[in-house]
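Trainee: What follows is a single structure, and I will ask about it in a moment.
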Number of protein chains: 6
Amino acid sequence: MNAQYDKDEPMTIAIINPNSSHSMTQQMQASCLSLALHNETQWYECSNSPASIEGHSDGAQAAYHLLAKIRQLENSDAPPKAYVIACFDDTGLDAAREITASPVIGIGEAAMHAASFVSQKFVVMTTLERSVAILEHNLTHYGLVNRCGGVYASGLPVLSLQSNQQSYDLVKSAVSKVLQENRADAIVLGCGGMSHWVERLQQDIGVPVLDGVRIAISLADSFISLNLSTSKVAGYAWPEAKHQQQ
Amino acid sequence: MNAQYDKDEPMTIAIINPNSSHSMTQQMQASCLSLALHNETQWYECSNSPASIEGHSDGAQAAYHLLAKIRQLENSDAPPKAYVIACFDDTGLDAAREITASPVIGIGEAAMHAASFVSQKFVVMTTLERSVAILEHNLTHYGLVNRCGGVYASGLPVLSLQSNQQSYDLVKSAVSKVLQENRADAIVLGCGGMSHWVERLQQDIGVPVLDGVRIAISLADSFISLNLSTSKVAGYAWPEAKHQQQ
Amino acid sequence: MNAQYDKDEPMTIAIINPNSSHSMTQQMQASCLSLALHNETQWYECSNSPASIEGHSDGAQAAYHLLAKIRQLENSDAPPKAYVIACFDDTGLDAAREITASPVIGIGEAAMHAASFVSQKFVVMTTLERSVAILEHNLTHYGLVNRCGGVYASGLPVLSLQSNQQSYDLVKSAVSKVLQENRADAIVLGCGGMSHWVERLQQDIGVPVLDGVRIAISLADSFISLNLSTSKVAGYAWPEAKHQQQ
Amino acid sequence: MNAQYDKDEPMTIAIINPNSSHSMTQQMQASCLSLALHNETQWYECSNSPASIEGHSDGAQAAYHLLAKIRQLENSDAPPKAYVIACFDDTGLDAAREITASPVIGIGEAAMHAASFVSQKFVVMTTLERSVAILEHNLTHYGLVNRCGGVYASGLPVLSLQSNQQSYDLVKSAVSKVLQENRADAIVLGCGGMSHWVERLQQDIGVPVLDGVRIAISLADSFISLNLSTSKVAGYAWPEAKHQQQ
Amino acid sequence: MNAQYDKDEPMTIAIINPNSSHSMTQQMQASCLSLALHNETQWYECSNSPASIEGHSDGAQAAYHLLAKIRQLENSDAPPKAYVIACFDDTGLDAAREITASPVIGIGEAAMHAASFVSQKFVVMTTLERSVAILEHNLTHYGLVNRCGGVYASGLPVLSLQSNQQSYDLVKSAVSKVLQENRADAIVLGCGGMSHWVERLQQDIGVPVLDGVRIAISLADSFISLNLSTSKVAGYAWPEAKHQQQ
Amino acid sequence: MNAQYDKDEPMTIAIINPNSSHSMTQQMQASCLSLALHNETQWYECSNSPASIEGHSDGAQAAYHLLAKIRQLENSDAPPKAYVIACFDDTGLDAAREITASPVIGIGEAAMHAASFVSQKFVVMTTLERSVAILEHNLTHYGLVNRCGGVYASGLPVLSLQSNQQSYDLVKSAVSKVLQENRADAIVLGCGGMSHWVERLQQDIGVPVLDGVRIAISLADSFISLNLSTSKVAGYAWPEAKHQQQ
């Protein structure tokens, strides 16, 4: 497996924001500048996707465009050695793993798994109530539901997270409340749009604050070093032959 | 809720095959001719979808086109009073529930829930090994994982199911084997393309054989009578305002 | 299987209230008048049962009389083609499935399964605290425990539900409270005696309100159309020979 | 609670075989002669019950007669200080707990809980396939499903267990097979009728063999010493007032 | 198995407090004076252990000394016929079961299993918040997590439990609160240091109060009578040969 | 949190083999030479521990010595910035997290979590049958039990893994068998002593082979970059004051 990997070629981690908001991509990218990595990063958004992913139908649309972007990158001269899906819903994650052998990491799964290494019970703070069921579904799928005290929504929509002191205060206050009510010991930020708050919040709250964007990129970097690739047997096998013709 | 429903207007159940295979739509339609219903059925496929849905990436593509079809029907003069998604993977089910208030029923969930009313432990026989993890995921989501002895694949791809005696014999033999190994007492047919075999198989095997296509349509018919509609609070709320502009 | 079913014979759905309250049977029957059905309904109660089923020992007594009623109907000239057990505890459900090949549907399971088709998280409002553990047990058995935000008791006993505005207000207020606390999106009425409130409550609360009585009857009607019968292998096999002599 | 217990009064453990087979009661009683107990035992069967409990409908009938027996004993001059239900299905267990404050212990739960103290993974060997689902249901209810490698049926009906070498050999061979297949380290005998085999089987198989009859009686004896009684709040509260009049 | 057991030899239950607090051992011993037992008890603490076990690292240290104590007793002239580990965390329980064939019972598992025989939903009241995750972990391992409404901490450290009215009042008040909030019907005392409060609390609160110390000793006494020993196959097999040389 | 971390100071990942086998430490170290890391590694074993960890009592002893080693390192001039516990049982993991704020990663949890990113269902191949229950327990604790097809033992003890072609062939054959039987798509090597086989096995078997040693070290390296530290609230709080005096 992966016999084609050669450490002398330049390697790339493609980070794809499945929504169409370029400013959100930029904001996430800015929050990752200080990350120590062995590989290069390339950032993308999906220009035909909804401006933000709030709910299942946004997600289904974004998944479609995300897959197109991955196929395009896979067919390029230097396909990425790892992919990060930069939406906390892990939009299109399983489908993406079918169309590449490179590891694909969702920022939601990355943050929630990592939380289970540094805490006994974490809580997730996302944006809107409608996303709660999606994230609970993912938690069950990843197996982490018993490690999570609950998934909560601040009520602030994705696109308002880029802004100001008021938003930060609202989120900080919501986070403090659910930490205490759940007797939890870590917070997972449930939206890529909060990644610029991680250090400040960790300082203010005093428990680990997990930001999926940085964690997923760091894991992708690790997985390249470890020569880990996605299994091509059974569930993530390459798509069946008929699909080539589309 | 649903105050607009009036029993004197004609009501429609839209049955959407999320793949593009018209012959498969016809085959399913034929297997439902004898169903006693209070409402009319309209059958559709998604002409831009993959020819069959085998795996996550097929599913993600088909979900996109399925949603477009539902939006188109919702905007028509006489939107359907219920929808059936005629793929056993229940492709795009949660997303579909966001964009209509009419009930939406997947043939997979319909068959698996119904099996739990007439048996203590059912097994599912699907097409390819790659679909097993998807159906196990759905079973967990629906809560029926403990009622299911296992999900198995016959190895026959979707598009070969329309055919002959040899395919039938292979499926029948695979079904008998897993029934016995799991000490199970019912079989769920894990693909809409097997719906024409249900009576024959039930005769041959001697346990209930559940076909999602017929069951989902009958449930949709029930739900209309019961005036049941999808909750528009929280997880299935109408998409956020921004989406109107797309 | 079911070779004896002939669509030209008249078919009957027997709805059995396992308690002895005739007025409760009448009330449930009244709430089902508008249901569109393909088959006839026959209503029964169990005159030797407790007047209401509140707890396990009431249930055990009622199950005994319910089984006697089903045996009597099975031995009649025109045995029913489907049974509905009209107590939200689904009293005697598994035992009933052993002594008939016709499908048997409990109003509790019917409502809770249906809720999972139109909502992401439902709550159940039953009568007395003592019934909560029974319903939680059933939820686990049906596999729906993760789809349910909680089972709650209004404190109003079964036989007081037939009455007045005050009871309705108390239940409505209890329902609103638990919906919000659980961030749930649908309500299941946890007692057949509340079935006459379903439309009014749905109007007042704005989320789907699921009444097991109507749903179970409609499902029974569907199952007859679908020619679905209870598996007679393993768990629901006909009782062993010795029992004939009793 | 239990202030009425006085160690100087004679105390009784009532052991009730919920079926009507007197010879089975005698056989169980014989297998318990050597048990060291602080309290007296009284043995009963239920003369109007089925001769054996094989399946849900037998169980529902037996539960009815079991409750009548307990009510009769509760109304006697010296009500028992503890009850044992001597059927491995734990017939009527929850209902029995409502109508007495004395602890009630089922032989199935006793054996399965005890197994979890002396082994990492036990298997259950019961009589007929039809009982498997009932015992799996109980395992889930007791919470021990993950400690159990599986529930298996020897195919020998209850009433044939009293007999001969051939039956013993068949059970021993079935037990050895499932122990190995499940990599399990203890066996639970899934029927009171096997209690006379426990020592012989333990000798022959080399792993702990758990017999619910003896274990339940010994636990009942303990619970009396510990002054433990059934909670009369919520789920096991005394039946509601209306029932007094029946 | 256990062929060496002879009812005429004196038998001993060794009760080992894994911490080093002699006064706590004495207090537990005093609370057990009235227990009716067939066998003798011998009480020990572990003089090199932490003074109390509050958290995982205390537990890991105490487990080491507990194992040394058990090895010493096993090598004595009259090894105990049963062991009780008298810390509610069940410190070192699985390891202890490897180094003796006698049954080993933890006071935590004893109390929590027993609670499931006399209540539908119990709550646990332990000392410090840091112990909650440990007990939740144990509940999951024992399979009782669904029978438990929650594990709570009074905030009172172990060594302060021996004292006064104020401590008692604080615990009683905390217990009443969580009982009501969880609609639970029994209380498990989550620390051996509370065993002297059990009768008083049961009187004051009106629901069963379960104290692991007394229950575990009584179970150990039962298990000796029942000739139950720990399985020496697979998970609890004797340590591998290399360990003899240490 | 972690304000003391300064990227200009040298940082160290301490990898502690909790057993006393220096040759095993060397073998693991050799298998990690090619890993790309930002930080330095220091390797240790625990000279007073058992020579290998096979079962719970070995683990309890090793945990004791592991904690002593961590305390010693924490008190050194340059305490490590991350710890790896290099035993697949994750010996002493929770206890270790209490006595340092640096992240602590077990090789078992690292491999099993990573497997869930690149496969749908993995199997674990460990050494002896006695370790299976320990690893199943860990899987449940980590939440990954539903992602794992099963834990299997090759029968080869830890210390024989360093050797020859015959051992490799036996493991390879066992791995192929369980992969197929479980329809799994990745293998987790369930012992640090197999880490030198990972690439060869991956080549031979054709599915991802996950080795906890390399993965845990790479994750530790990531966690340092991400400035992630263990929560010091609730479950992993610093030990209580009394322990300072020991």
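Trainee: Shortest first, in nm, what separates the label point of A:ASP204 from those of the same position in the other copies (7 Å along Cα→Cβ)?
Mentor: 4.2, 4.2, 5.6, 6.6, 7.1
Trainee: Mind running the shape call on segment B:203-244? Use the C-alpha gyration tensor, a ≥ b ≥ c as the square roots of the eigenvalues: rounded below 1.5 for a/c, prolate if a/b tops b/c, oblate otherwise.
Mentor: Numbers: a/c = 4.08, a/b = 2.59, b/c = 1.57.
In terms of gyration-tensor shape, prolate.
Trainee: Find the Cα radius of gyration of segment D:108-211, compare it with 2.2 N^0.38 Å by division, and give the number to two decimals. Before the final figure, lay out each step's value.
Mentor: Values: Rg = 12.3 Å, N = 104, 2.2 N^0.38 = 12.8 Å.
In units of the globular-protein estimate, segment D:108-211 measures up at 0.95.
Trainee: Counting pairs of alpha carbon atoms under 8 Å apart in space and at least six apart in sequence, what relative contact order in percent does segment C:108-211 give?
Mentor: Numbers: 162 pairs, mean separation 36.4, N = 104.
Reported relative contact order: 35 percent.
Trainee: Let me spell out the model: positive unit charges on the Cβ of Lys and Arg, negative unit charges on the Cβ of Asp and Glu, origin at the Cα centre of chain A. What dipole size does that give, in debye rounded to 20?
Mentor: Numbers: 15 positive and 24 negative charges, 65 e Å.
Magnitude of the dipole: close to 320 debye.
Trainee: Set the bar at 32 Å for Cα to Cα. Now go through A:LYS81/B:LYS172; B:LYS81/C:LYS121; B:LYS81/B:LYS177 and name every pair that lies beyond it. Numbers along the way, then the final one.
Mentor: Numbers: A:LYS81/B:LYS172 44 Å; B:LYS81/C:LYS121 23 Å; B:LYS81/B:LYS177 41 Å.
Flagged as over cut-off: A:LYS81/B:LYS172; B:LYS81/B:LYS177.
Trainee: Give the Rg (one decimal place) followed by the Dmax (whole number) of chain A, computed from C-alpha coordinates and expressed in Å.
Mentor: Rg, Dmax (Cα atoms, Å): 17.5, 55.
Trainee: For the protein assembly as shown, what are the per-bin percents of Cα-Cα distances with bins 20 Å wide, up to the bin holding the maximum?
Mentor: Reading the bins upward from 0: 10, 37, 40, 13, 0.
Trainee: Cβ neighbours within 10 Å, averaged per peptide: list E:170-177, F:127-134 in order, most packed at the top. Present the calculation step by step, with values, prior to reporting the outcome.
Mentor: Working: E:170-177: 16.5, F:127-134: 22.4.
The most tightly packed comes first, giving F:127-134, E:170-177.
Trainee: Considering the Cα trace of segment B:32-86, what is its radius of gyration and what is Dmax, both in angstroms?
Mentor: 13.1, 36
Trainee: How charged is the neighbourhood of B:SER231? Take every other residue with its Cβ under 11 Å from the Cβ of B:SER231, and add Lys/Arg as +1 and Asp/Glu as -1. Walk me through the numbers on the way to the answer.
Mentor: On the way: positive: B:ARG97, B:LYS232, C:LYS121; negative: B:GLU98, C:ASP185.
So the environment of B:SER231 carries a net charge of +1.
Trainee: Could you go through segment A:100-110 in sequence order and give the Karplus-derived ³J(HN,Hα) for each residue, using 6.51 cos²θ - 1.76 cosθ + 1.60 with θ = phi - 60°, rounded to whole Hz, and x for Gly and Pro?
Mentor: 8, 8, 5, x, 10, 10, x, 6, x, 4, 4
Trainee: Using a label point 7 Å beyond Cα on the Cα-Cβ vector, give me the inter-copy distances for E:ALA36 in nanometres, one decimal, shortest first.
Mentor: When each copy's label point is compared with this one, the spacings are 1.5, 6.4, 6.9, 6.9, 7.4 nm.
Trainee: Would you mind checking which residues have amide H under 5 Å from D:ALA82's amide H? H placed 1.01 Å from N; only 5 or more apart, or other chain.
Mentor: Hits under the 5 Å cutoff: D:THR12, D:ALA14.
Trainee: Name the residues whose placed amide hydrogens come within less than 5 Å of the amide hydrogen of D:GLY190, ignoring near sequence neighbours (fewer than 5 apart) on the same chain.
Mentor: For D:GLY190, whose amide H was placed from the backbone, the distant partners under 5 Å are D:MET125, D:THR126.
Trainee: With every atom except the alpha carbons ignored, what do you get for Rg and Dmax of segment B:55-106, in angstroms?
Mentor: Rg then Dmax for segment B:55-106, in Å: 10.6, 35.
Trainee: Give me the Kirkwood hydrodynamic radius of segment C:158-233 in Å, from all C-alpha pairs, to one decimal place? It would help to have the intermediate numbers written out before the result.
Mentor: On the way: mean 1/r = 0.0709 Å⁻¹.
Hydrodynamic radius (Kirkwood, Cα only) of segment C:158-233 equals 14.1 Å.
Trainee: Return the sequence-ordered ³J(HN,Hα) values of segment B:48-59 in whole Hz as given by the Karplus equation 6.51 cos²θ - 1.76 cosθ + 1.60 applied to θ = phi - 60°, using x for Gly and Pro.
Mentor: 9, 7, x, 5, 8, 10, 10, x, 5, 6, 3, x
Trainee: Sticking with this structure for a sec: Distances from E:ASN182 to the same position in the other copies: list them in nm, one decimal, shortest first, using label points 7 Å from Cα along Cα→Cβ.
Mentor: 1.9, 1.9, 2.9, 3.4, 3.5
Trainee: Taking the Cα centre of segment E:155-241 as the origin, how large is its charge dipole in debye, to the nearest 20, when only Lys and Arg (+1) and Asp and Glu (-1) carry charge on their Cβ atoms? Mind dumping the intermediate values first?
Mentor: Details: 6 positive and 8 negative charges, 10 e Å.
About 40 debye.
Trainee: Follow-up. If amide H atoms are built 1.01 Å from N in the plane of the peptide, which residues on other chains or at least 5 residues away come under 5 Å of the amide H of A:GLY149?
Mentor: The list, which skips near neighbours in sequence, is A:PHE122, A:VAL123.
Trainee: Taking beta carbons within 10 Å but only from partner chains, what does the mean come to for residues C:59-67?
Mentor: Details: counts 5, 14, 8, 2, 9, 7, 1, 1, 5.
What the average comes to for C:59-67 is 6.
Trainee: Assign unit charges at the C-beta atoms only (+1 for Lys and Arg, -1 for Asp and Glu), then state the dipole size of the protein assembly as shown relative to its Cα centre in Debye, rounded to the nearest 20.
Mentor: Numbers: 90 positive and 144 negative charges, 0 e Å.
Once rounded to the nearest 20, the dipole reads 0 debye.
Trainee: Mind ordering E:47-59, C:40-52 by average Cβ neighbours within 10 Å, highest first?
Mentor: Details: E:47-59: 24.1, C:40-52: 19.3.
Top of the packing list down: E:47-59, C:40-52.
Trainee: For chain E, what does the relative contact order come out to in percent, with C-alpha contacts under 8 Å and a separation of six or more? Don't skip to the answer; put the middle values down first.
Mentor: On the way: 467 pairs, mean separation 57.6, N = 246.
Once normalised by length, the contact order is 23 percent.
Trainee: Helix-only mean residue ellipticity at 222 nm, the protein assembly as shown, DSSP H runs n ≥ 4 weighted -39,500 (n - 2.57), per residue, nearest 500. What is it?
Mentor: Values: 48 runs with 582 residues, N = 1476.
It lands at -12500 deg cm²/dmol.
Trainee: How much FRET efficiency would the formula 1/(1 + (r/R0)^6) give for D:ALA241 and E:GLN26, where r is the Cβ-Cβ distance and R0 is 56 Å, rounded to 0.05? Mind dumping the intermediate values first?
Mentor: Details: r = 48 Å, r/R0 = 0.86.
Efficiency for this residue pair is about 0.70.
Trainee: Determine, from the Cβ-Cβ distance of B:GLN72 and C:GLN203 and an R0 of 25 Å, the FRET efficiency 1/(1 + (r/R0)^6), rounded to the nearest 0.05.
Mentor: Values: r = 31 Å, r/R0 = 1.22.
Given R0 = 25 Å and the Cβ-Cβ separation, E is 0.25.
Trainee: Tell me, rounded to the nearest percent, the portion of alpha carbon pairs in segment A:1-112 spaced more than 18 Å apart. Kindly include the intermediate steps, with their values, before the conclusion.
Mentor: Working: 2947 of 6216 pairs.
Within segment A:1-112, distances greater than 18 Å cover 47 percent of Cα pairs.
Trainee: Sticking with this structure for a sec: Averaged over peptide A:118-128, how many Cβ atoms belonging to another chain are found within 10 Å of each residue's Cβ? Walk me through the intermediate numbers first.
Mentor: Details: counts 12, 8, 15, 7, 1, 0, 0, 0, 0, 0, 3.
Going residue by residue through A:118-128 and averaging, the value is 4.
Trainee: In peptide D:131-142, how many Cβ atoms from other protein chains are near each Cβ within 10 Å, on average? List each step's numbers first, then the result.
Mentor: Details: counts 2, 5, 9, 3, 0, 4, 7, 0, 1, 6, 6, 7.
Mean number of neighbouring Cβ atoms from other chains: 4.
Trainee: Right, something else. State the percent of C-alpha pairs, over all pairs in segment B:93-144, separated by a distance greater than 17 angstrom. Show your work: numbers first, answer last.
Mentor: Details: 571 of 1326 pairs.
Tail of P(r) above 17 Å: 43 percent of Cα pairs.
We did not get these values from a lab; they are worked out from the coordinates using the rules stated. Here the structure is a predicted model, which is why all the values come from computation and not from measurement. For neighbour counting, all protein chains shown are included, and Cβ atoms are generated from backbone atoms with ideal geometry for every residue, glycine included.
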